[in-house]
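All of the numbers you see were taken from the coordinates with simple rules; none came from a lab. As the structure is a prediction and not an experimental result, all values here were calculated from the model. Here the Cβ positions follow ideal geometry from the backbone for every residue, glycine too, while neighbour counts run over all protein chains shown.
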Amino acid sequence: MKFSIKVRYLEKAHLLNLLSTENKGFRRFEKPEKIYLNNCNQLYAITNREPNIGNLRETFFLQHIKNIGSVFYTNTGNFKVSEKNIFEIGGKSKNFEQIKDIQNSFLALDDLEYGHKNIIPLWLFGFLY
């Protein structure tokens, strides 16, 4: 059995989230671009150290946003959601540098209480569960 098929079984068991590019046809069944654990709590369960904060933020975002639409890997931001919205995930000091020229681009930032324009507090995505 191929490696990718075994990993897809782990995705079906809700242990992993596989992030692939937005390809059509058989290309979408090839190796994913990124692999995330399904849940932030799993990050804490498998290590005795504090998990990487960047990975923790991205895992949290993906865990919740996948419930409302299709999510794909993109080279310009962290996630492409519903085929048109680009999201960059980070801390409150993150800026639009990576996605400044892209329409429908948003920052989902940690350590914010409220958002403004295209800046959304990361915690709000928890309500999509």
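Charges only on Cβ, +1 for Lys and Arg, -1 for Asp and Glu: so what's the dipole of the chain about the Cα centre, in debye to the nearest 20?
It comes to approximately 560 debye.
Taking Cα pairs under 8 Å and at least six residues apart, what relative contact order does segment 59-101 come out at, in percent?
Computed over segment 59-101, the figure is 26 percent.
Helix-only mean residue ellipticity at 222 nm, the chain, DSSP H runs n ≥ 4 weighted -39,500 (n - 2.57), per residue, nearest 500. What is it?
Calculated mean residue ellipticity at 222 nm is -6500 deg cm²/dmol.
Have a look at L19, G115, I86 and report the one farthest towards the positive end of the charge dipole of segment 3-128, computed about the Cα centre with Cβ charges (Lys/Arg +1, Asp/Glu -1).
The residue sitting most towards the positive pole is L19.
Are there chymotrypsin sites (Phe, Trp or Tyr not before Pro) in segment 85-118 that DSSP marks as loop and that have at most 15 other Cβ atoms within 10 Å, and which are they?
Y114
Under the 0.36 nm per residue contour assumption, what length would be gained going from the current alpha-carbon distance of L128 and N48 to full extension?
That works out to 25.9 nm of additional length.
Under 5 Å between amide H atoms, partner at least 5 residues away or on a different chain: which partners does E22 have, H built in plane at 1.01 Å?
Y73
Looking at segment 38-76, which trypsin sites (Lys or Arg not before Pro) are in a loop (DSSP not H, G, I, E or B) and have at most 14 other Cβ atoms within 10 Å?
Hits after loop and neighbour filter: R49.
Please pull out the direction-averaged projected area of the chain, using the convex hull of its alpha-carbon atoms, in nm² to one decimal place.
Directional mean of the projected Cα hull area for the chain stands at 8.9 nm².
Can you give the FRET efficiency to the nearest 0.05 for I35 and K84, using r as the Cβ-Cβ distance and R₀ = 30 Å?
Step by step, r from the Cβ atoms, then E = 0.80.
Are there any GluC sites (Glu not before Pro) in segment 36-123 that are in a DSSP loop and have at most 12 other Cβ atoms within 10 Å? List them by number.
E83, E113
Where both residues lie in the chain, what percent of DSSP beta bridges are antiparallel, nearest 5?
Close to 55 percent.
Contact order normalised by length for the chain, with contacts defined as Cα pairs under 8 Å and 6 or more residues apart; what percent is it?
17 percent
Can you give the angle from 0 to 90° between the axis of helix 53-65 and the longest principal axis of the chain, with both taken from C-alpha atoms, to the nearest 10?
For 53-65 against the chain, the angle is about 80 degrees.
Using only Cα atoms, tell me the angle between helix 3-12 and the longest principal axis of the chain; keep it within 0 to 90° and round to the nearest 10.
60 degrees
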